[in-house]
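The values are calculated or read from the model by the stated rules, or taken from the named source; none is laboratory data. Nothing here was measured: the structure is a model prediction, and the numbers come from that model. Cβ sites come from the backbone with ideal geometry, for glycine too, and all protein chains shown count toward neighbours. Only protein heavy atoms, including side chains, enter the accessible area calculation; ligands, DNA and RNA are left aside. Shrake-Rupley method; radii C 1.70, N 1.55, O 1.52, S 1.80 Å.
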Amino acid sequence: MNIIVTGGAGFIGSVMAQYLVNTYPEDTVINLDKLTYAGNLENCKPIENAPNYRFVRGDIADRKFVYDLFEEVKPDVVINFAAESHVDRSVEHPEEFVRTNVMGTTTLLDACRDLGIPRYHQVSTDEVYGDLPLDRPDLFFTETTPLHASSPYSASKASADMFVQAYHRTFGLNTTISRCSNNYGQYQFPEKLIPLMISRALKDQDLPVYGQGINVRDWLHVEDHCKAIDLIVREGRIGEVYNIGGHNERTNLQVVETILDALGKPKSLIKYVKDRPGHDQRYAIDPDKLEKELGWKPKYNFDTGIRQTIQWYLDHQDWMQNILSGDYQNYFKEMYKDRVQ
Ligand code: NAD
Ligand code: TYD
């Protein structure tokens, strides 16, 4: 199979590209990424010379580029990870979220429809469901929970999901959608809670906790997310939505304290700062459908996963340093000067 993975230089997409290249040597993985600030080709270093891997720089919202690439590659599957993904940035600049997350998705859907691409998977998020109250631990998001987005980020992702479902129903496109809870693990850009706190704690800098730190997130290791997507793409029912999560709810304060304990740093580094506007209180996924229909089970729980993750960042301080200094943006120029279209 030819598999186009969009956003494959980002956090989750790069783990997915590595997983597919290594697990299915008979398939070819084409990584289509615009290399925004969040795209880092160092994340793809372990596979950059693999015979079944190719990187193409481009924008999913650029219609001509997408059509030309799809005509050339004739993908059997398109898996769309490409997105603007950070809630705080969406509060500052919603327009880029509309462009990439909504227009980019509809451009990919149009290309699939017009060129007869047999299979499309949309990587979505549990944030499309809005939030749950802190005092109702009995409530979980299921696939039938109504969409109720809170932030410009989640509104753009919910909108994209609706286009995917509309293209399935109206045009018969073979689509699936997965909605996963918060991810953590290797290669996550240090604007997100866990890598931000690890990198700052290592330098004895203040750790900015929004509000009172009581908001709850449901954490899933990135490798478990990628295996679930692979399963859905290969065995999922067409037209369906699958929630992905592993029942690992923690308050933000618990997460930050776990990191401080693991690094042997004092709690006095915690600094409570002004809350995020519209801050979602609690996310919690019910993964029953994925477990029962497709037999998915996560490998990590939060305790084993966070230990692996902290160790990874300790072992890859150059990777973090290259991001903090901006050097990672030169990697593309150096590595690909002779071979990029
Ligand atoms: P990320 O920000 O780390 O990576 C996004 C990638 O997309 C980057 O490589 C970037 O260069 C690329 N990109 C952005 N705009 C593009 C465009 N117009 N054309 C082509 N490439 C473009 O994001 P992530 O955390 O890896 O998230 C990947 C996907 O998973 C997103 O769709 C996100 O909504 C979803 N998701 C993320 C989480 C999470 O916790 N991070 C949880 C559930 C779902
Ligand atoms: P984040 O990693 O941005 O993911 P999301 O907003 O998509 O869930 O944030 C996770 C939680 O951590 C969220 O409740 C906001 C909080 N947070 C902080 O308290 N301080 C920070 O500096 C950041 C980035 C997030």
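How high is the relative contact order of the chain, in percent, with contacts defined as C-alpha pairs under 8 Å that are six or more residues apart?
18 percent
What number, rounded to the nearest 500 deg cm²/dmol, is the helix-based mean residue ellipticity at 222 nm of the chain, given -39500 (n - 2.57) per DSSP H run of at least four residues and division by all its residues?
-12500 deg cm²/dmol
Decide, for region 233-341, between rounded, prolate and oblate: order the square roots of the alpha carbon gyration tensor eigenvalues as a ≥ b ≥ c, take rounded if a/c falls under 1.5, and otherwise choose prolate if a/b is larger than b/c, else oblate.
Because a/c hits 1.5 or more and a/b fails to exceed b/c, region 233-341 counts as oblate.
Take the Cβ-Cβ distance between D114 and D261 as r, set R0 to 51 Å, and report the resulting FRET efficiency rounded to the nearest 0.05.
About 0.40, to the nearest 0.05.
Provide the percentage of antiparallel DSSP beta bridges, counting only those with both residues in region 144-255; round to the nearest 5.
The antiparallel proportion sits near 30 percent.
Could you work out how far apart the two model spin labels at L324 and H247 are, taking each label as a point 7 Å from the Cα in the direction of the beta carbon, and quote it in nm?
Reported label-point gap for L324 and H247 is 3.8 nm.
Could the peptides 208-219, 73-84 be put in order, highest first, of the mean number of other beta-carbon atoms found within 10 Å of their residues?
73-84, 208-219
Between V273, V164, V21, find the one with the highest GNM mean-square fluctuation for the chain; connect C-alpha pairs within less than 10 Å.
Sorting by GNM fluctuation, first place goes to V273.
Label points 7 Å out from Cα along the Cβ direction at Y37 and N174: separation in nm?
3.9 nm
Once you sort the root eigenvalues of the Cα gyration tensor of region 1-126 as a ≥ b ≥ c, which label holds: rounded (a/c under 1.5), prolate (a/b larger than b/c) or oblate (the other case)?
oblate
Please turn the phi angles of region 69-82 into ³J(HN,Hα) values with the Karplus equation 6.51 cos²θ - 1.76 cosθ + 1.60 (θ = phi - 60°), one per residue in order, whole Hz, x for glycine and proline.
The phi angles translate into 5, 5, 5, 6, 7, 6, x, 7, 9, 10, 10, 9, 9, 4 Hz.
Restricting to DSSP loop positions (anything but H, G, I, E, B) with no more than 14 other Cβ atoms inside 10 Å of their own Cβ, which trypsin sites (Lys or Arg not before Pro) remain in region 237-341? Mind dumping the intermediate values first?
Details: sites: R237, R250, K267, K271, K274, R282, K289, K292, K299, R307, K333, K337, R339; in loops: R237, K274, K299, K337, R339.
Loop-located and lightly packed - R237, K274, K299, K337, R339.
For the chain, give the share of DSSP beta bridges that are antiparallel, in percent and rounded to the nearest 5; count only bridges with both residues there.
10 percent
In the chain, what percent of the accessible surface is made up of carbon and sulfur (1.4 Å probe, ligands and nucleic acids excluded)?
C and S fraction of accessible area: 50 percent.
Kindly provide the GluC sites (Glu not before Pro) of region 1-74 that DSSP labels as loop, not H, G, I, E or B, and whose Cβ sees at most 13 other Cβ atoms within 10 Å.
E26
Just tell me which lysines come within less than 23 Å, Cα to Cα, of K203; anything on the same chain fewer than 8 places away is out.
Partners found: K192, K265, K267, K271, K274.
Calculate the spin-label point distance for H316 paired with T23, positioning each point 7 Å from the Cα along the beta-carbon direction, and give it in nanometres.
Once both label points are built, they end up 1.8 nm from each other.
Tell me whether region 160-244 comes out rounded, prolate or oblate; compute the Cα gyration tensor, take square roots of the eigenvalues as a ≥ b ≥ c, and use a/c under 1.5 as the rounded threshold. Write out the running numbers ahead of the final one.
On the way: a/c = 3.34, a/b = 2.41, b/c = 1.39.
Verdict is prolate for region 160-244.
Mind listing the long-range amide H neighbours of L220? Cut-off is under 5 Å, sequence gap 5 or more, other chains count too, H placed in the peptide plane at 1.01 Å from N.
Amide H neighbours of L220: N182, N183, Y184.
Pick out which of H121, H316, H247 has the largest mean-square fluctuation in a Gaussian network model of the chain, springs linking Cα atoms closer than 10 Å.
Of H121, H316, H247, the most mobile in the Gaussian network model is H316.
If the cut-off is 26 Å between C-alpha atoms, which lysines fall inside it for K64, apart from same-chain ones fewer than 8 positions away?
Cα-Cα hits under 26 Å: K34, K74, K157, K333, K337.
With Kirkwood's inverse mean 1/r over C-alpha pairs for Rh, give me the Rg to Rh ratio of the chain, two decimals please.
In the chain, Rg relative to Rh is 0.95.
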